[in-house]
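Report on the structure given below.
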Amino acid sequence: MGFGAYIADRLVPLAVGAVALAFAALVMVVYGLDAAAVAFVCGVLALAAAAALVLDWLHRRAFYRRLEDMLSSLDETYLATELTERPSFPEGQLLYDALDRESRAMRDRIAAARRRSREYREYVETWVHEIKTPIAAARLVARNNPSPATESMDAELDQIEGYVEQALYYSRGTSLDRDFQIRQVVLAEVVRDALRHKARTLIDAHVAPELGELDYTVRADPKWLSFVIGQVLVNAAKYRGEKDGEGRVRIWAERRETGLDAWETVLAIADDGIGIPAADVGRVFDKGFTGENGRRFARSTGMGLYLVRELCDKMGVRAWLESEEGVGTTVFLAFPDSARQ
């Protein structure tokens, strides 16, 4: 609160005070008081009133400044009253009490939202675990009765299982809780785990993996990282394109220096598929974005790369890709501060 705004807010009482002072001076003059004495008395009264105004303004300004600084520095501004003392002047108390009531209401709403999110996530996780039973039973029936129809059904079951897995990680990755455990993992082990889970998808698409140097240790959640790599492998199979012979997906890692004594380990997954049009490259990580390839070449939900970016962000991993149409796409995952090998 500036001093000018403070004075403007008190123009009416100041005007009334000025009229009262002038009337008092007039009365003193009428009663024959010396003009110098009248001026002295009026000057003292005016000075006392000015001092009172300045002190009151400083007192109020300190509270408003603390409150403003708190609101500017906090991400959760509804917590400002928790960190600010209640003022002693009535106007500030009214403002503080109003903000405190809103703060409590907001905390209650956030607690309710977290509870609903937790319940929803628990429901999705339960549903995922329950749906795995009929999927496994259907897969068993298909494999015990081999035929072109059951082989086709088995392939569709793979896709269903992939979508179920997406639903599980979407519920976990976008929940308000941090449901993951960051620890030291060996990239080679996680990559091989992802390849085992997506082997059928790669085989059906005639895509063969080629592994390079992967003996690096990084910090990540192994299950989340395996899922992320699996989504990239699915895209490599899905967008292989119409070409003769086997496709290739090369996977390797390398260490890069990012600054003075700062390093990162970069995992690269490169395919030789149809590539991504230049106009779509900047949006492929957006939620629900399918792009030209998703409409022309494969059924796409636009959720795979979105989940890759979301889960990587939560793990502190930087994700990006480079692509050339007709040549292929390379997805990069950068893990900072990993142990140097």
| note | Residue pairs within 6 Å by beta carbon, gap of at least six or interchain, first lying in region 130-151 and under 19 Å from Asp204 (Cβ atoms), second open to solvent by 60 Å² or more (accessible area, probe 1.4 Å) and part of a helix (DSSP H, G or I), listed first then second, are Ile135/Glu161; Ala142/Met153
| request: Quick one: Tyr120 ticks every box in (1) assigned to a helix (DSSP H, G or I); (2) farther than 17 Å from Arg172 by Cβ except a single one, so which number is it? | output: (2)
| query | Within region 194-211, restricting attention to residues that are in contact (Cβ under 8 Å) with a residue 24 or more places away in the chain and open to solvent by 40 Å² or more (accessible area, probe 1.4 Å), which residue is nearest to Leu311 (Cα to Cα)? | reply | His197
| task | Report, by residue number, each residue of region 140-154 that is out of contact with any helix residue (DSSP H, G or I) (no Cβ under 6 Å at 6 or more places or on another chain), in a helix (DSSP H, G or I) and not charged (D, E, K, R). | result | Leu140, Val141, Asn144, Pro148, Ala149, Ser152
| task | Being more than 20 Å from Val218 (Cα to Cα) and open to solvent by less than 70 Å² (accessible area, probe 1.4 Å) is the filter here, so list the residues in region 242-269 that pass it. | result | Gly245, Gly247, Val249
| request: Check Ala8 against each of (1) of a type outside the set (S, T, N, Q); (2) open to solvent by 50 Å² or more (accessible area, probe 1.4 Å); (3) more than 30 Å from Asp69 (Cβ to Cβ) and name the one condition it does not meet. | output: (3)
| request: Give the residues of region 298-314 that are open to solvent by 20 Å² or more (accessible area, probe 1.4 Å) and not in a loop (DSSP other than H, G, I, E, B), sorted by residue number. | output: Leu305, Tyr306, Arg309, Glu310, Asp313, Lys314
| note | (1) surrounded by 14 or more Cβ atoms within 10 Å (Cβ to Cβ); (2) at pLDDT below 85; (3) under 30 Å from Leu233 (Cβ atoms) all hold for Tyr120 apart from (1)
| Residue identified as crowded, with 20+ Cβ neighbours inside 10 Å, out of contact with any strand residue (DSSP E or B) (no Cβ under 7 Å at 6 or more places or on another chain), farther than 16 Å from Glu161 by Cα and modelled with pLDDT of 85 or more among Tyr216, Tyr239 | Tyr239
| message | Looking at region 108-117 only, could you name the residues that are in contact (Cβ under 8 Å) with a residue 12 or more places away in the chain and open to solvent by 90 Å² or more (accessible area, probe 1.4 Å)? | response | Arg114
| said: Being on the phi > 0 side of the Ramachandran plot and either more than 25 Å from the chain's Cα centre (by Cα) or open to solvent by 30 Å² or more (accessible area, probe 1.4 Å) (or both) is the filter here; which residues of region 270-297 pass it? | reply: Gly275, Gly288
| message | Let me spell it out: the conditions are (1) in contact with a Lys or Arg (Cβ under 8 Å, 6 or more places away or on another chain); (2) among the aliphatic types (A, V, I, L, M); (3) open to solvent by 80 Å² or more (accessible area, probe 1.4 Å), and Leu94 meets all of them except one. Which number is the exception? | response | (1)
| note | Of the candidates Ala18, Ala37, the one satisfying the condition of being open to solvent by less than 50 Å² (accessible area, probe 1.4 Å), at pLDDT 85 or above and at negative phi is Ala37
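The values are calculated or read from the model by the stated rules, or taken from the named source; none is laboratory data. Every value quoted in this text rests on a predicted model; they were computed, and no experiment measured them. Neighbour counts run over all protein chains shown; Cβ positions are idealised from the backbone, glycine included. Keep in mind that these areas ignore ligands, DNA and RNA; they rest on the heavy atoms of the full protein, side chains included. Shrake-Rupley method; radii C 1.70, N 1.55, O 1.52, S 1.80 Å.
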